[in-house]
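*Asks:* My structure is below; once you've seen it, I'll send some questions.
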Amino acid sequence: MSILRDTLVVALIVVYVISKKTTFEMTYGFLKAEVIAGFINNLVLLFTIIFISYEAVLRLINPEEVKGLYVIIFGFLAFLINLFSAVILKTHHHEGENHHHHEDLNIKAAYLHLLSDAILSLAVVVGGLFIYLFSVYWIDPVLSIIFVIYILKEVTKALKENYHILMEGVPEKIDLKSLISELEKNFPEVLEIHDIHIWAVSSNDVYLSAHIVVKNLSEFDVLLERLEKFFSEKGITHITVQPEKPDKKCQILH
Ligand SMILES: [Zn+2]
Ligand SMILES: [Zn+2]
């Protein structure tokens, strides 16, 4: 159960780190530490799964004699501990309605760890029962393999989410293509939009930067107000817009 301990230690460090305010060195604050931790957690879990599969296949080919009663006792204790921890984590997490969304990914990874450990423990108990009663030694690796298939889907999904944020991908809730076409429809005074970037530092903090070509720069303040409203309705909380004239577009190649 060393995964459990590591996960909890990482989760605690992350909760401490992301509570720190922004500094002159770290202008985004420390919210991304949660994503990095989640990525590492899931990677460790993935390697654990690979190791469990490898062991299971070995034991399937060469069934080893196992003391059934010890397996049942150990498995049941581990199951209780893991389930208890998972329930505590889940109820604690949903206690406050105003909990921060940026904690979600990491709590999810920790919860996933606990739950996977609990399920593995339960598989051990069931396997132990069969071994104890019928001396069916191959049942243990088979249960391990079922567990591995079940949890692998969750882990790869969580890893993809972590990777997407680390790569500054456009948040899933935003469809950039339709956002641009909606913008062109609602803002005829915008002649062109380029160098547009949307990225998330946490689930709550979504950034946008863009160059906007307009005919009349003197009316930009009115346009900016409407743009701020438009983007904030899309869940973009920080916007930086560079106005440009059609004859004096930026010389930087995008
Ligand atoms: Zn501002
Ligand atoms: Zn430009």
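*Asks:* Using a cut-off of 13 Å between beta-carbons, work out the net charge of the residues near Phe147 (Lys and Arg +1, Asp and Glu -1, Phe147 not included). Don't skip to the answer; put the middle values down first.
*Replies:* On the way: positive: Lys153; negative: Glu55, Asp117, Asp140, Glu154.
Its environment carries a net charge of -3.
*Asks:* Could you tell me which helices of the chain pass both thresholds, a Cα extent of 27 Å or more along their own axis and a mean Kyte-Doolittle hydropathy of at least 0.0, with helices taken as whole DSSP H runs?
*Replies:* In the chain, the long hydrophobic H runs are 32-61, 68-93, 104-134, 139-166.
*Asks:* Taking K and R as +1 and D and E as -1, what net charge do the other residues with C-beta under 15 Å from the C-beta of Pro63 add up to?
*Replies:* Every neighbour counted, the sum reads -2.
*Asks:* What figure, in Å² to the nearest 10, do you get for the accessible area of Phe187 with a 1.4 Å probe and non-protein molecules left out?
*Replies:* Roll a 1.4 Å probe over it and Phe187 shows about 10 Å².
*Asks:* To continue, here is another question. Taking the Cα centre of each part, how many Å lie between segment 28-97 and segment 194-254?
*Replies:* That distance is 44 Å.
*Asks:* A follow-up question, please. Which values of log₁₀ I(q)/I(0), to two decimal places, follow from the Debye formula for the chain at q = 0.09, 0.12, 0.14 Å⁻¹ with a uniform point scatterer at every Cα?
*Replies:* Calculated log10 I(q)/I(0) at the listed q: -0.58, -0.82, -0.97.
*Asks:* Using a Gaussian network for the chain with springs between C-alpha atoms less than 10 Å apart, which of these wobbles most: His113, His197, His164?
*Replies:* Result for the chain, Cα springs under 10 Å: His197 fluctuates most.
*Asks:* When DSSP assigns beta bridges and you keep just the ones with both residues in segment 176-244, what percent turn out antiparallel, to the nearest 5?
*Replies:* That works out to approximately 55 percent antiparallel.
*Asks:* Tyr28 to Phe51: FRET efficiency via 1/(1 + (r/R0)^6), r the Cβ-Cβ distance, R0 22 Å, to the nearest 0.05?
*Replies:* Calculated transfer efficiency: 0.05.
*Asks:* Which residue fluctuates the most in the chain, going by a Gaussian network model with Cα springs under 10 Å, if the choices are Leu120, Leu46, Leu60?
*Replies:* For the chain, modelled as a Gaussian network with Cα springs under 10 Å, the answer is Leu60.
*Asks:* Compute the accessible area per residue over the chain, keeping the other protein chains in place, probe 1.4 Å, unit Å².
*Replies:* Numbers: 15750 Å² over 254 residues.
Ligands and nucleic acids excluded, the figure is 62 Å² per residue.
*Asks:* Out of the total accessible area of segment 176-244 (probe 1.4 Å, heavy atoms of protein only), what percent is carbon and sulfur?
*Replies:* About 51 percent, which is the carbon plus sulfur part of the accessible surface.
*Asks:* Return the subset of Lys157/Lys229; Lys21/Lys249; Lys108/Lys229; Lys90/Lys157; Lys21/Lys177 for which the Cα-Cα distance in this structure is over 27 Å, preserving the input order.
*Replies:* Details: Lys157/Lys229 33 Å; Lys21/Lys249 37 Å; Lys108/Lys229 32 Å; Lys90/Lys157 20 Å; Lys21/Lys177 34 Å.
Beyond 27 Å: Lys157/Lys229; Lys21/Lys249; Lys108/Lys229; Lys21/Lys177.
*Asks:* Continuing with the same structure: Using the 2.2 N^0.38 Å rule of thumb for compact globular proteins, work out how segment 201-243 stacks up: its C-alpha Rg over that value, please.
*Replies:* Scaled against compact globular proteins, the figure is 1.23.
The values are calculated or read from the model by the stated rules, or taken from the named source; none is laboratory data. Remember, predicted model here, so these are calculated numbers, not experimental data. Ideal geometry is used to build each Cβ from the backbone, glycine not excepted, and the neighbour counts take in all protein chains shown. These area figures cover heavy atoms from the full protein model, side chains too; ligands, DNA and RNA do not enter into them. Shrake-Rupley method; radii C 1.70, N 1.55, O 1.52, S 1.80 Å.
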